[in-house]
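Enquirer: Can you read through this structure? Questions will come right after.
The values are calculated or read from the model by the stated rules, or taken from the named source; none is laboratory data. Computed from a predicted structure; not experimentally measured. When we count neighbours, we look across all protein chains shown, and the Cβ atoms used for this are built from the backbone with ideal geometry, even at glycine. The accessibility values were calculated without ligands, DNA or RNA, using every heavy atom of the protein model including side chains. Shrake-Rupley method; radii C 1.70, N 1.55, O 1.52, S 1.80 Å.
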Amino acid sequence: MPEKKTAADERDSVGKAIRRNLSPKKALELAARGARCFATRGAEATGREISFRVGLMLGRDDWRHRADIPLRRELRAQRAAKLPRMPLISVVAPLYNTPPLYLRQMVNSVLRQSYQNLELVLVDASDRDHPEVGEFCRSLRDARVNYVRLAKNEGIAGNTNLGLSEANGEYLALLDHDDVLQLNALYEMARAIGETGADFLYSDEIVLGPDLKTLREYHFKPDFSPDSLRGCNYITHFSVFSRQLLQAAGGGEDRRYDGAQDFDLILRLTERAQRICHIPKVLYVWRSHAHSTASDISAKPYAIEAGAAAIQAQLDRLGLAGEVEPQEGGPGSYRVRYALAAHPLVSVLIPNKDHVEDLRRCLDSLAAKAGYDEMEILVLENNSTEAATFEFYKNELPKYGRCRLVTYTGPFNFAAVNNLGAREAKGEQLLLLNNDIELLSDGFIPELLMFSQREDVGAVGAKLYYPDDKIQHAGVFIGLGGSAGHSHKGLPRDNRGDLYRLSTAQNMSAVTGACLMVKASLYRELGGLDEKNFAVSYNDVDFCLRLRERGYLNIFTPYAEAYHYESKSRGLDTQGPNARRYAGERQRFCEKYAALLRDGDPYYNPHFTLLYENYGYK
């Protein structure tokens, strides 16, 4: 794919914004947009939009615009709505010495929900020095409140389980005593239950300061991603699940994982869920204060260790041999090292046309960094013209051990070149590798293989950098730039990413074919790369999407690192015949995946921009 403009390329300023928006053409566009907003969403929404746009012009970015705060007219409509299913949803909130303000705000956020068929279970384990907690709870005159005073504090897991046992709902939800729900939270959950039949649901969330006025973080999440979840508990809040699912998952929380008891429960619930639904709206406000995990989980090392133990327990349940370790410098993030069940032959396919120095660097890095002996290398010669290239093939290729030359004849067709290599390969695993790749991390091939060996995995991709140590590839999102683009492109190499998406293994829609491992049997089953429709561009993305359509998971691992001297061998797709060819392939891609482009990449989030590849907000 050609270079796309980054946000840094079009850096704005207050002066630019004012001049741009005061031009007659722009003023008419804004007026038309305002009129449409007023006609479809009313005065309140129009006022919010104007306030946000004026704020941007003045260099202010109000978090409320991205917090999905429901309009008053929307809440009125929701209260009057008759949904296909209106299950009783029990919200369980364990209390312990809860500050009065926090308690009132939490309770009000539940009882004022636009969805009325709810139960609020307040499980009070406060000590004798905090009688005001019980006094407030007993003062509530609402039949939907179920107040349970505990004689003994059983710890957070024990108290939560007592609350779950007291709940009467068909669906259950957990709410921390110092957090609040958006007023449409249960309505959105109930509507999704009726539309999808999901037995586990979760939403986006926002982290605010103690006064609920200052932004700390947005948590805009992907759809369900099991590998991402083992790297970081990105689900956290707000989750709703059926009582039947809770029973199937072994019941409530386990005190062995205190500090990460919610994480363990989420892992168990998602393992057994029949249908998981992510609602990409902010329905939960996580309050960050001095005593909360939202403030700094690193201050609670026992919670980090409990999280690792919870992931290890899941691996054991699923029969996945491996070890889990917390990551230094990334509190709450984890690395899973899966054990290799076998050591199959890996066939490395390297298309090459001249550029001997690139090829030499690639082969040398393989010899130094692959960390794997059962490997053959196929250099796929296609249309070289320089004598030095053929001298290299004759005199130096034999020095790299199991390395052989396969010659492709015909016009350049990246897909066809790789397909030829796959036919000639003897390995159980294929590694498609550009000749302008230089491996950086030790044990490169085992890192890819530990994922590719799994039966549920399709393609596995690596973390690629430009020579200036900016990120070139960390997975592919569909929809960026109108077709597909790279995740977090241009960010510094040491950036950990939003919700640790650059520093933990991630499920992705696609990974780049510049470095892609896949089982040879799967490659052949799918007919390889599409030579006819995507000769040069989009063949890797199309291949990954076809894998996903068959139910396989595609994975990006940040632990296999390499430099990518992108497109040096064949040039860029920005001018001449290359540009015309690229335009046709792009059009065919967009036509084939029109529905996905319309609905959005499940591993991205609609709060993020489609204009740039920097993982920035809209």
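Enquirer: Among bridges DSSP assigns within the chain, what percent are antiparallel (round to 5)?
Expert: The antiparallel fraction comes to roughly 45 percent.
Enquirer: Given the Cα-Cα distance of D442 and A290 and 0.36 nm per residue of separation, how much length would full extension add, in nm?
Expert: This chain segment gains 50.7 nm when fully extended.
Enquirer: Which shape class, rounded, prolate or oblate, goes with region 198-340 when its Cα gyration tensor gives a ≥ b ≥ c as root eigenvalues, a/c under 1.5 marks rounded, and past that a/b bigger than b/c marks prolate?
Expert: Numbers: a/c = 1.73, a/b = 1.19, b/c = 1.44.
The shape class here is oblate.
Enquirer: Then there is this: Quick one: 3J(HN,Hα) in Hz for region 183-200, Karplus 6.51/-1.76/1.60 with θ = phi - 60°, rounded, Gly and Pro as x.
Expert: 5, 9, 4, 6, 4, 4, 5, 5, 4, 5, 4, x, 7, 10, x, 4, 9, 9
Enquirer: Quickly work out the L215-to-K394 label distance, labels modelled 7 Å from Cα along the C-beta direction, and quote it in nm with one decimal.
Expert: 6.4 nm
Enquirer: I've got another one for you. Quick one: which of K489/K532; K369/K470; K353/K532; K353/K399; K489/K618 span more than 18 angstrom between C-alpha atoms?
Expert: Working: K489/K532 29 Å; K369/K470 21 Å; K353/K532 21 Å; K353/K399 20 Å; K489/K618 16 Å.
Where the Cα-Cα span goes over 18 Å, the pairs concerned are K489/K532; K369/K470; K353/K532; K353/K399.
Enquirer: Give me the extension gain from R85 to K426: residue separation times 0.36 nm, minus the current Cα-Cα distance, reported in nm with one decimal.
Expert: Fully extending the segment from R85 to K426 adds 117.3 nm.
Enquirer: What percentage of all Cα-Cα pairs in region 121-191 are separated by more than 15 Å? Please list the in-between numbers first.
Expert: Values: 1512 of 2485 pairs.
Value for region 121-191 (Cα pairs over 15 Å): 61 percent.
Enquirer: Return the FRET efficiency for the residue pair E525, N153: r is the Cβ-Cβ distance, R0 is 60 Å, and the value is rounded to the nearest 0.05. Walk me through the intermediate numbers first.
Expert: On the way: r = 56 Å, r/R0 = 0.94.
According to the calculation, E is roughly 0.60.
Enquirer: Using a 1.4 Å probe on the protein chains only, how many percent of the accessible area of the chain belongs to carbon and sulfur? Numbers along the way, then the final one.
Expert: Values: 13380 of 26300 Å².
Result for the chain: 51 percent of the exposed heavy-atom area is carbon or sulfur.
Enquirer: Tell me the GluC sites (Glu not before Pro) within region 310-400 that lie in a loop according to DSSP and have at most 10 other beta-carbon atoms within 10 Å.
Expert: In loop regions of region 310-400 (DSSP not H, G, I, E or B), the sparsely surrounded GluC sites (Glu not before Pro) are E328.
Enquirer: Setting aside same-chain residues fewer than 8 positions from K82, which aspartates and glutamates have a Cα under 15 Å from its Cα?
Expert: E74, E188, E195
Enquirer: Net charge near G250, counting Lys/Arg +1 and Asp/Glu -1 over other residues with Cβ under 9 Å of its Cβ?
Expert: Net charge around G250: +1.
Enquirer: Could you tell me the relative contact order of the chain? Use alpha-carbon pairs under 8 Å, at least six residues apart, and round to a whole percent.
Expert: 12 percent
Enquirer: Quick one: grab the alpha carbon gyration tensor of region 526-618, order the square roots of its eigenvalues as a ≥ b ≥ c, and give me rounded if a/c is under 1.5, else prolate or oblate depending on whether a/b is larger than b/c.
Expert: On the way: a/c = 1.27, a/b = 1.20, b/c = 1.06.
Verdict is rounded for region 526-618.
Enquirer: Counting each DSSP H run of 4 or more residues in the chain as -39500 (n - 2.57), what helix-only mean residue ellipticity at 222 nm follows after dividing by all residues, to the nearest 500 deg cm²/dmol?
Expert: It comes out at -11000 deg cm²/dmol, rounded to the nearest 500.
Enquirer: Still on this structure, I have one more. Under a 5 Å amide H to amide H cut-off, with H placed in plane at 1.01 Å, what residues pair with I279 once short-range neighbours are removed?
Expert: Those lying under 5 Å, H to H, from I279 are Y202, S203, D204.
Enquirer: On to the next question. Please list, ordered by chain and number, the residues whose modelled amide H lies under 5 Å from the amide H of D436; skip anything fewer than 5 residues away on the same chain.
Expert: Here nothing satisfies the definition.
Enquirer: Contour minus end-to-end for L405 and R104, with contour as 0.36 nm per residue of separation and end-to-end as the Cα-Cα distance?
Expert: 101.1 nm
Enquirer: Let's test this: bin the Cα-Cα distances of the chain at 10 Å from zero up to the farthest pair and state each bin's percent.
Expert: For the chain, the pair-distance distribution reads 3, 15, 24, 23, 17, 12, 5, 1, 0.
Enquirer: So who's got an amide H within less than 5 Å of the one on R216, skipping anything under 5 residues away but keeping other chains? H placed 1.01 Å off N, in plane.
Expert: Residues meeting the amide H criterion: V207, L208, G209.
Enquirer: Just tell me which aspartates and glutamates come within less than 13 Å, Cα to Cα, of K519; anything on the same chain fewer than 8 places away is out.
Expert: Partners within reach: E428, E455, D456.
Enquirer: Students often get this wrong: which residues of region 187-206 have the backbone nitrogen under 18 Å from the point 7 angstrom along Cα-to-C-beta of D61?
Expert: 205-206
Enquirer: Still on this structure, I have one more. In Å and on Cα atoms, what radius of gyration and Dmax does region 137-253 show?
Expert: Over region 137-253's Cα set, Rg and Dmax evaluate to 15.8, 46 Å.
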